[in-house]
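Colleague: Sharing a structure with you now.
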Amino acid sequence: MNVLREKKWIVIVMVFILACLSVYGIAHRKGVMHFVRERRDLMSECVPVLAYHGFVPEKVKKELFRDNKWIDDIEGFEKQMEYLHDNHWRTLTADEFYDWHEGQSDVPEKSCMITFDDGYYEMYYEVYPILKKYGFNATVFVIGTYTPEQTAPYDPHVRAKIGWDKINEVKKEYPGFQFESHSYDLHGFDEDGNEPWVTATEKMLEEDFQKMDEYGFRYMAYPYGGYNDLMLEAIGKSKIKMAFTFKEPGYATRHYPVYEIPRQKVTAETTYEEFVEILEKVIY
């Protein structure tokens, strides 16, 4: 009798354990599926916007710009573009990104936007051939008052801006390489060491945006990534559709205000591994 009772309890315990394992297995599978859905939703709602500045050949970087994080070597940039190409990333135009942000269209899972601030002339001489090689889209933000009519011959030892001649040439040949605004005259520093947009009045800001409107610009990257309430009021009265910052690096989502789109800075201090991590964070 005792033996039968012991067997009965053993059976009950085994059934209980099996039931617990079954419940855990179902919960675990649901948890994994939920995690996968969350990652898929994140990617569909999150697009990395990469923010670059200037480039020179690696040799010149080491000679003249070793301590300038805003000037990177062009060889490293091409390696990054090769990674995007080999891993099937799609590069969005400003218009495609805007349509996605406004919910007017969807984009493939691996989508990003490439941007360049300041409008240096190596955009034409160095960056443009690389973009064409990989069939990539990108957007350059130029400073109106710094942009000459004619682009100087290329000398990587000398810093200069791209001119309207090359900008117009690229627009005709390769529409996926867009040129937009980095302000008309709000970049740099005044005699007191202040950034012009910080001390500008509402009227001064509105006049600056009106000049940008005359160039047909519809997108903007704030000077040094900075903006304030007056800037937001002025841009809201202009024809600018969207504006980008990078004061606080982040991933762009549809939830960000249209005039406060975050970007991920990519500088000479960004290692190749860190560059890859910026992208992989939104897909793994």
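The values are calculated or read from the model by the stated rules, or taken from the named source; none is laboratory data. For clarity, every value in this text was computed on a predicted model and none was experimentally measured. A quick note on method: Cβ atoms are made from the backbone with ideal geometry, for glycine too, and the neighbour counts reach across all protein chains shown. For accessibility, only protein heavy atoms count, side chains too; no ligands or nucleic acids. Shrake-Rupley method; radii C 1.70, N 1.55, O 1.52, S 1.80 Å.
Colleague: Report, by residue number, each residue of the range 128-156 that is open to solvent by 10 Å² or more (accessible area, probe 1.4 Å), under 19 Å from residue 52 (Cα atoms), at pLDDT 95 or above and out of contact with any helix residue (DSSP H, G or I) (no Cβ under 7 Å at 6 or more places or on another chain).
Modeller: Passing the criteria: 129, 132, 133, 135, 137.
Residues checked against (1) assigned to a loop (DSSP other than H, G, I, E, B); (2) modelled with pLDDT under 90:
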site: 114; (1), (2): no, no
site: 126; (1), (2): no, no
site: 158; (1), (2): yes, no
site: 165; (1), (2): no, no
site: 175; (1), (2): yes, no
site: 188; (1), (2): yes, yes
site: 193; (1), (2): yes, yes
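Colleague: I would also like to ask the following. Just checking, which of 45, 38, 6 is surrounded by fewer than 16 Cβ atoms within 10 Å (Cβ to Cβ), among the acidic types (Asp, Glu), in contact with a Ser or Thr (Cβ under 6 Å, 6 or more places away or on another chain) and modelled with pLDDT under 95? Full working, then the answer.
Modeller: Numbers: 38 fails: in contact with a Ser or Thr (Cβ under 6 Å, 6 or more places away or on another chain); 6 fails: in contact with a Ser or Thr (Cβ under 6 Å, 6 or more places away or on another chain).
Sole residue among the options that is surrounded by fewer than 16 Cβ atoms within 10 Å (Cβ to Cβ), among the acidic types (Asp, Glu), in contact with a Ser or Thr (Cβ under 6 Å, 6 or more places away or on another chain) and modelled with pLDDT under 95: 45.
Colleague: Then there is this: Go through the range 179-208 and give me each residue that's open to solvent by less than 20 Å² (accessible area, probe 1.4 Å) and of a type in the set (Phe, Trp, Tyr).
Modeller: 179, the sole residue that qualifies.
Colleague: Output the number of residues of the range 216-242 satisfying the condition of being open to solvent by 50 Å² or more (accessible area, probe 1.4 Å), without any contact (Cβ under 8 Å) to a residue 60 or more places away in the chain, more than 16 Å from residue 196 (Cα to Cα) and not in a helix (DSSP H, G or I).
Modeller: Residues that pass the stated criteria total 2.
Colleague: Separate question: Quickly run through the range 195-215 and pick out the residues that are in a helix (DSSP H, G or I) and hydroxyl-bearing (Ser, Thr, Tyr). Full working, then the answer.
Modeller: Filtering the range 195-215 for residues in a helix (DSSP H, G or I) gives 196-199, 202-214.
Hit for the range 195-215 is 199, nothing else.
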